[in-house]
Amino acid sequence: MSSTLVKEASAQAAETKPSVAIHPVAIIDSPLAKSVALVRPILLAGLVALRFNALVADPVSTLRTALPGVAIIQFAYAVLCLPVVGSQAGKGSRKTRPGEKKKSDTSPRTTISISTAIIALLLTGILTPAVHILFVLFGAPFLDHVAHTALCAAHFALLAMFPVLYSRGSDGQALTAVAGASAPLDETFGSLVGAVVGAWLGAIPIPLDWDRDWQKWPVTILVGMYAGSLLCSSVSGTLFYGKRLGGARE
(Lines give C-alpha, C1' and ligand atoms only; values in the text may rest on other atoms or scores of the structure.)
Protein backbone atom coordinates (compact mmCIF):
# COMPACT_ATOMS: atom_id res chain seq x y z
CA MET A 1 0.00 0.00 0.00
CA SER A 2 2.77 2.41 0.96
CA SER A 3 4.73 1.63 -2.21
CA THR A 4 1.63 2.39 -4.29
CA LEU A 5 1.23 5.76 -2.57
CA VAL A 6 4.90 6.56 -3.18
CA LYS A 7 4.57 5.70 -6.88
CA GLU A 8 1.44 7.85 -7.20
CA ALA A 9 3.12 10.75 -5.42
CA SER A 10 6.20 10.53 -7.65
CA ALA A 11 4.01 10.34 -10.75
CA GLN A 12 2.09 13.45 -9.66
CA ALA A 13 5.35 15.26 -8.95
CA ALA A 14 6.63 14.39 -12.39
CA GLU A 15 3.43 15.67 -13.98
CA THR A 16 3.50 18.94 -12.05
CA LYS A 17 7.20 19.55 -12.61
CA PRO A 18 7.48 22.56 -14.93
CA SER A 19 9.23 21.98 -18.24
CA VAL A 20 11.24 24.70 -19.93
CA ALA A 21 9.77 25.47 -23.35
CA ILE A 22 12.11 25.76 -26.31
CA HIS A 23 10.99 28.75 -28.35
CA PRO A 24 11.88 29.44 -31.99
CA VAL A 25 14.35 32.23 -32.67
CA ALA A 26 12.60 35.17 -34.32
CA ILE A 27 14.32 37.73 -36.52
CA ILE A 28 14.57 41.13 -34.81
CA ASP A 29 11.56 43.24 -35.72
CA SER A 30 13.26 46.14 -37.47
CA PRO A 31 13.51 47.23 -41.12
CA LEU A 32 17.30 46.83 -41.07
CA ALA A 33 17.18 43.30 -39.69
CA LYS A 34 14.54 42.19 -42.16
CA SER A 35 16.46 43.71 -45.06
CA VAL A 36 19.71 42.02 -44.06
CA ALA A 37 17.89 38.70 -43.59
CA LEU A 38 16.57 38.98 -47.15
CA VAL A 39 19.90 40.03 -48.67
CA ARG A 40 22.04 37.39 -46.93
CA PRO A 41 20.84 34.37 -48.99
CA ILE A 42 21.34 36.38 -52.19
CA LEU A 43 24.91 37.28 -51.22
CA LEU A 44 25.86 33.73 -50.22
CA ALA A 45 24.19 32.13 -53.24
CA GLY A 46 25.81 34.71 -55.50
CA LEU A 47 29.21 33.98 -53.96
CA VAL A 48 28.84 30.27 -54.72
CA ALA A 49 27.60 30.92 -58.26
CA LEU A 50 30.35 33.41 -59.10
CA ARG A 51 33.11 31.19 -57.71
CA PHE A 52 31.76 27.88 -59.01
CA ASN A 53 34.24 27.53 -61.89
CA ALA A 54 37.12 28.40 -59.58
CA LEU A 55 35.77 25.91 -57.04
CA VAL A 56 35.87 23.15 -59.64
CA ALA A 57 39.35 24.11 -60.84
CA ASP A 58 40.96 24.62 -57.41
CA PRO A 59 38.70 23.71 -54.47
CA VAL A 60 41.24 24.31 -51.68
CA SER A 61 42.28 27.81 -52.75
CA THR A 62 38.70 28.85 -53.55
CA LEU A 63 37.27 27.59 -50.27
CA ARG A 64 40.08 29.23 -48.31
CA THR A 65 39.70 32.64 -49.95
CA ALA A 66 35.88 32.54 -49.67
CA LEU A 67 35.90 31.67 -45.97
CA PRO A 68 36.52 35.24 -44.63
CA GLY A 69 33.72 36.61 -46.81
CA VAL A 70 31.27 34.00 -45.54
CA ALA A 71 32.37 34.73 -41.97
CA ILE A 72 31.75 38.47 -42.41
CA ILE A 73 28.29 37.91 -43.91
CA GLN A 74 27.30 35.49 -41.16
CA PHE A 75 28.72 37.75 -38.44
CA ALA A 76 26.75 40.75 -39.72
CA TYR A 77 23.61 38.60 -40.04
CA ALA A 78 23.88 37.42 -36.44
CA VAL A 79 24.57 40.86 -34.96
CA LEU A 80 21.92 42.72 -36.97
CA CYS A 81 19.17 40.10 -37.33
CA LEU A 82 19.25 37.58 -34.49
CA PRO A 83 18.39 38.18 -30.83
CA VAL A 84 21.30 37.73 -28.44
CA VAL A 85 21.23 34.49 -26.50
CA GLY A 86 19.14 34.94 -23.34
CA SER A 87 17.33 38.03 -24.61
CA GLN A 88 13.58 38.12 -24.95
CA ALA A 89 13.67 40.06 -28.25
CA GLY A 90 10.30 41.68 -28.18
CA LYS A 91 8.70 39.40 -25.57
CA GLY A 92 7.58 40.87 -22.35
CA SER A 93 9.24 44.25 -22.82
CA ARG A 94 8.05 46.90 -20.38
CA LYS A 95 5.64 49.44 -21.80
CA THR A 96 6.44 53.08 -21.29
CA ARG A 97 4.14 55.03 -19.02
CA PRO A 98 2.27 58.09 -20.26
CA GLY A 99 4.71 60.98 -20.49
CA GLU A 100 7.75 58.73 -19.98
CA LYS A 101 10.44 58.78 -22.63
CA LYS A 102 11.54 55.44 -23.97
CA LYS A 103 15.19 54.81 -23.24
CA SER A 104 17.34 53.75 -26.14
CA ASP A 105 19.41 50.63 -25.52
CA THR A 106 20.84 50.34 -29.02
CA SER A 107 24.46 50.89 -27.99
CA PRO A 108 24.55 48.35 -25.12
CA ARG A 109 22.69 45.80 -27.24
CA THR A 110 25.14 46.26 -30.11
CA THR A 111 28.10 45.78 -27.79
CA ILE A 112 26.60 42.60 -26.33
CA SER A 113 25.71 41.32 -29.81
CA ILE A 114 29.24 41.82 -31.12
CA SER A 115 30.88 40.18 -28.10
CA THR A 116 28.42 37.27 -28.29
CA ALA A 117 29.10 36.88 -32.02
CA ILE A 118 32.85 36.78 -31.38
CA ILE A 119 32.42 34.07 -28.74
CA ALA A 120 30.11 32.10 -31.06
CA LEU A 121 32.68 32.46 -33.84
CA LEU A 122 35.41 31.07 -31.58
CA LEU A 123 33.17 28.15 -30.57
CA THR A 124 32.46 27.52 -34.24
CA GLY A 125 36.18 27.27 -34.92
CA ILE A 126 36.65 24.91 -31.98
CA LEU A 127 33.84 22.63 -33.21
CA THR A 128 35.04 22.58 -36.83
CA PRO A 129 37.40 19.58 -36.28
CA ALA A 130 34.42 17.65 -34.87
CA VAL A 131 32.49 18.44 -38.06
CA HIS A 132 35.49 17.22 -40.05
CA ILE A 133 35.40 13.92 -38.16
CA LEU A 134 31.67 13.57 -38.83
CA PHE A 135 32.28 14.14 -42.53
CA VAL A 136 34.85 11.33 -42.50
CA LEU A 137 32.48 9.03 -40.62
CA PHE A 138 29.83 9.66 -43.27
CA GLY A 139 32.15 8.81 -46.16
CA ALA A 140 34.57 11.69 -46.73
CA PRO A 141 38.15 10.70 -47.65
CA PHE A 142 40.16 9.91 -44.53
CA LEU A 143 43.79 10.28 -45.63
CA ASP A 144 43.28 11.93 -49.02
CA HIS A 145 42.00 15.46 -49.61
CA VAL A 146 42.35 16.41 -45.95
CA ALA A 147 42.46 20.14 -46.73
CA HIS A 148 39.36 19.82 -48.92
CA THR A 149 37.38 18.18 -46.12
CA ALA A 150 38.66 20.58 -43.44
CA LEU A 151 37.66 23.65 -45.44
CA CYS A 152 34.28 22.13 -46.32
CA ALA A 153 33.73 21.46 -42.61
CA ALA A 154 34.65 25.08 -41.82
CA HIS A 155 32.08 26.35 -44.33
CA PHE A 156 29.47 24.02 -42.85
CA ALA A 157 30.22 25.21 -39.32
CA LEU A 158 29.98 28.89 -40.31
CA LEU A 159 26.85 28.43 -42.37
CA ALA A 160 24.85 26.08 -40.14
CA MET A 161 26.30 26.03 -36.62
CA PHE A 162 27.36 29.63 -36.00
CA PRO A 163 23.81 31.12 -36.00
CA VAL A 164 22.62 28.38 -33.61
CA LEU A 165 25.53 28.98 -31.23
CA TYR A 166 24.93 32.74 -31.34
CA SER A 167 21.20 32.54 -30.61
CA ARG A 168 21.21 29.50 -28.29
CA GLY A 169 24.57 29.92 -26.53
CA SER A 170 25.33 27.31 -23.89
CA ASP A 171 21.67 26.49 -23.21
CA GLY A 172 22.04 22.73 -22.87
CA GLN A 173 18.34 21.99 -23.20
CA ALA A 174 17.98 24.08 -26.36
CA LEU A 175 21.13 22.63 -27.93
CA THR A 176 19.98 19.11 -27.08
CA ALA A 177 16.64 19.84 -28.76
CA VAL A 178 18.46 21.15 -31.84
CA ALA A 179 20.80 18.14 -31.96
CA GLY A 180 17.84 15.81 -31.51
CA ALA A 181 15.83 17.57 -34.25
CA SER A 182 13.03 18.31 -31.77
CA ALA A 183 13.45 22.10 -31.63
CA PRO A 184 10.85 24.31 -33.34
CA LEU A 185 11.82 25.48 -36.78
CA ASP A 186 13.25 28.96 -37.29
CA GLU A 187 15.92 30.45 -39.55
CA THR A 188 18.81 29.18 -37.44
CA PHE A 189 17.59 25.61 -36.96
CA GLY A 190 16.31 25.46 -40.53
CA SER A 191 19.73 26.48 -41.79
CA LEU A 192 21.31 23.57 -39.92
CA VAL A 193 18.73 21.04 -41.12
CA GLY A 194 19.00 22.25 -44.70
CA ALA A 195 22.80 22.12 -44.66
CA VAL A 196 22.77 18.52 -43.41
CA VAL A 197 20.18 17.37 -45.95
CA GLY A 198 21.77 19.37 -48.77
CA ALA A 199 25.25 17.98 -48.09
CA TRP A 200 23.84 14.45 -47.98
CA LEU A 201 22.02 14.89 -51.29
CA GLY A 202 25.07 16.59 -52.75
CA ALA A 203 27.07 13.40 -52.24
CA ILE A 204 24.85 11.48 -54.68
CA PRO A 205 26.53 12.64 -57.95
CA ILE A 206 30.09 11.91 -56.75
CA PRO A 207 30.15 8.11 -57.36
CA LEU A 208 28.19 8.30 -60.62
CA ASP A 209 30.24 7.49 -63.71
CA TRP A 210 29.65 10.74 -65.59
CA ASP A 211 33.32 11.75 -65.76
CA ARG A 212 32.62 15.43 -65.02
CA ASP A 213 35.08 17.78 -63.32
CA TRP A 214 32.45 19.13 -60.94
CA GLN A 215 31.85 15.64 -59.50
CA LYS A 216 35.11 15.69 -57.56
CA TRP A 217 35.20 16.11 -53.80
CA PRO A 218 33.78 18.33 -52.28
CA VAL A 219 32.17 20.46 -55.02
CA THR A 220 28.70 18.89 -55.04
CA ILE A 221 28.73 18.57 -51.25
CA LEU A 222 29.40 22.28 -50.85
CA VAL A 223 26.83 23.37 -53.44
CA GLY A 224 24.16 21.11 -51.93
CA MET A 225 25.04 22.33 -48.46
CA TYR A 226 24.65 26.01 -49.37
CA ALA A 227 21.51 25.45 -51.45
CA GLY A 228 19.82 23.37 -48.75
CA SER A 229 20.82 25.68 -45.92
CA LEU A 230 19.69 28.90 -47.59
CA LEU A 231 16.42 27.43 -48.88
CA CYS A 232 15.47 25.69 -45.64
CA SER A 233 16.47 28.73 -43.59
CA SER A 234 14.13 30.95 -45.59
CA VAL A 235 11.10 28.64 -45.48
CA SER A 236 11.68 27.74 -41.83
CA GLY A 237 11.67 31.42 -40.90
CA THR A 238 8.42 32.06 -42.76
CA LEU A 239 6.14 29.20 -43.87
CA PHE A 240 7.17 26.66 -41.24
CA TYR A 241 8.15 28.99 -38.43
CA GLY A 242 7.42 27.47 -35.03
CA LYS A 243 6.57 24.04 -36.42
CA ARG A 244 8.51 20.94 -35.50
CA LEU A 245 9.82 18.35 -37.91
CA GLY A 246 7.07 16.03 -36.70
CA GLY A 247 4.44 18.54 -37.86
CA ALA A 248 3.33 20.07 -34.54
CA ARG A 249 3.50 23.80 -34.00
CA GLU A 250 5.23 25.42 -31.02
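The values are calculated or read from the model by the stated rules, or taken from the named source; none is laboratory data. Model, not experiment: these values are computed from the prediction. Here the Cβ positions follow ideal geometry from the backbone for every residue, glycine too, while neighbour counts run over all protein chains shown. Just so you know, the surface numbers come from the protein's heavy atoms only, side chains and all, with ligands and any DNA or RNA stripped out. Shrake-Rupley method; radii C 1.70, N 1.55, O 1.52, S 1.80 Å.
Scanning the range 1-57 for residues that are in a loop (DSSP other than H, G, I, E, B) and either at pLDDT 90 or above or under 23 Å from the mean Cα position of the chain (by Cα) (or both) yields VAL20, ALA21, ILE22, HIS23, PRO24, VAL25, ALA26, ILE27, ILE28, ASP29, SER30, ARG51. Of the residues making up the range 182-221, those that are within 30 Å of ALA21 (Cβ to Cβ), touching a Gly at 6+ places or on another chain (Cβ under 9 Å) and part of a loop (DSSP other than H, G, I, E, B) number 4.
If the condition is being of a type in the set (Gly, Ala, Ser) and either in contact with a Lys or Arg (Cβ under 9 Å, 6 or more places away or on another chain) or open to solvent by 40 Å² or more (accessible area, probe 1.4 Å) (or both), then the range 37-74 contributes ALA45, ALA49, ALA57, SER61, ALA66.
Would you say VAL178 is in contact with a helix residue (DSSP H, G or I) (Cβ under 8 Å, 6 or more places away or on another chain), open to solvent by 40 Å² or more (accessible area, probe 1.4 Å), among the β-branched types (Val, Ile, Thr) and part of a helix (DSSP H, G or I)? Spell out the reasoning first.
On the way: in contact with a helix residue (DSSP H, G or I) (Cβ under 8 Å, 6 or more places away or on another chain): yes; open to solvent by 40 Å² or more (accessible area, probe 1.4 Å): no; among the β-branched types (Val, Ile, Thr): yes; part of a helix (DSSP H, G or I): yes.
No, not satisfied.
Is there a residue in the range 194-216 that is within 21 Å of ALA78 (Cα to Cα) and crowded, with 22+ Cβ neighbours inside 10 Å?
As a first pass, look at the range 194-216 and keep what is within 21 Å of ALA78 (Cα to Cα): 194-196.
So of that shortlist, the ones also crowded, with 22+ Cβ neighbours inside 10 Å come out as 194-195.
Yes, some residue in the range 194-216 is within 21 Å of ALA78 (Cα to Cα) and crowded, with 22+ Cβ neighbours inside 10 Å.
Condition test on VAL164, is it buried (at least 18 other Cβ atoms within 10 Å of the Cβ), of a type in the set (Val, Ile, Thr) and closer than 20 Å to TYR77 by Cα? In short, yes. Before we move on, is ALA150 modelled with pLDDT of 95 or more, touching a His at 6+ places or on another chain (Cβ under 7 Å) and open to solvent by 10 Å² or more (accessible area, probe 1.4 Å)? Here the answer is yes, as ALA150 does meet what is asked. Going residue by residue through the range 182-191, is there one that turns out to be at pLDDT 95 or above, surrounded by 24 or more Cβ atoms within 10 Å (Cβ to Cβ) and among the polar types (S, T, N, Q)? Yes, because at least one residue in the range 182-191 is at pLDDT 95 or above, surrounded by 24 or more Cβ atoms within 10 Å (Cβ to Cβ) and among the polar types (S, T, N, Q). Which residues, taken from the range 75-90, are outside any helix (DSSP H, G or I), open to solvent by 10 Å² or more (accessible area, probe 1.4 Å) and either at negative phi or modelled with pLDDT of 95 or more (or both)? Hits for the range 75-90 are PRO83, VAL84, VAL85, SER87, GLN88.
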